[in-house]
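One structure below.
Nothing in this text is a laboratory measurement; each read-out follows from the coordinates by a stated rule. Here the structure is a predicted model, which means the values were calculated and not measured. Cβ atoms come from the backbone with ideal geometry, glycine included; neighbour counts cover every protein chain shown.
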Amino acid sequence: MTIFSALRQSIYGWMMILRGEAGWAEHFRLTLPGAATALVLFYLFAFLAVVLGSLNYGVPTPGGLVATLALQSLFLLALVIGTFGTRYAVRDRGPVLSVLVPGLYALVFYVVLGALLSLTVAFLLPLLWLGLVYMLFRLGRMAGGWTIGVSAAFALLTVLLLAGTPIALYIMPAPVPAA
């Protein structure tokens, strides 16, 4: 399976997840090589998003590019924390890759759509977050087999981490005003 056929298959798999259809797992490689493929696609599209977003002021230096891609990696960290935090809370012993691999592809879609929306109609980005909440909710229901409440908590936790962590890191180095 080539990298772009994996992307195409993930789109089919995600359409099945969102519709609640059985057989969605056949469209993902739920193995470590499948996760590596999803990571390559994530970083490829994150790189393209950085280049596309910086066309107005020039492509960043190699150090700036690495820093920006490290910031994009926080999205992956949010998914991992959300997944393992939820699994720990409900004592889930199922395969973790059945949640992580489709979740990685959801983040690929998020990066692509986020880059396009931020360049065109940036005020719609909160709608993209709501869409990601729904995608992660459906992922929790289908891949995790979790209840409605657990799936909703997983989706909200992950998106709050995803949206809040870069903001917190941006604010953190700011000087504290004197009392």
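Which whole-number percentage describes the relative contact order of the chain, with Cα contacts under 8 Å and a sequence gap of 6 or more?
On the way: 162 pairs, mean separation 44.9, N = 179.
Once normalised by length, the contact order is 25 percent.
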Practice problem: Would you mind getting the Kirkwood hydrodynamic radius of the chain from its Cα pairs, rounded to one decimal in Å? | Solution: 17.1
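At 0.36 nm per residue, minus the direct Cα-Cα distance, what do V40 and S54 gain on full extension? Give it in nm, one decimal, please.
Gain in length upon complete extension: 2.9 nm.
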Quiz prompt | Length added when fully stretched, A152-L125, from 0.36 nm per residue minus Cα-Cα | solution = 7.7 nm
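Exposed loop sites here are trypsin sites (Lys or Arg not before Pro) in DSSP loop states with at most 13 other C-beta atoms within 10 Å. What is the longest stretch of the chain lacking them? Write out the running numbers ahead of the final one.
Details: sites that count: R91, R93.
For trypsin sites (Lys or Arg not before Pro) (loop position, at most 13 other Cβ atoms within 10 Å), the longest site-free span of the chain is 1-90.
Helix check for the chain. Which DSSP H runs span at least 30 Å along their own axis by Cα, with a mean Kyte-Doolittle hydropathy no less than 0.0?
32-53, 62-89, 97-120, 148-171
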Exercise. Please give the calculated 222 nm ellipticity per residue for the chain, where each DSSP H segment of at least 4 residues contributes -39500 (n - 2.57) and the sum is spread over every residue; nearest 500 deg cm²/dmol?
Key: -25500 deg cm²/dmol
Exercise. Give a quick list of chymotrypsin sites (Phe, Trp or Tyr not before Pro) in the stretch 15-73 that DSSP marks as loop, anything other than H, G, I, E or B, with at most 11 other Cβ atoms within 10 Å.
Key: Y57
Quiz item: Expressed as a whole number of Å, what is the distance separating the alpha-carbon centroids of the stretch 104-137 and the stretch 1-64?
Solution: 13
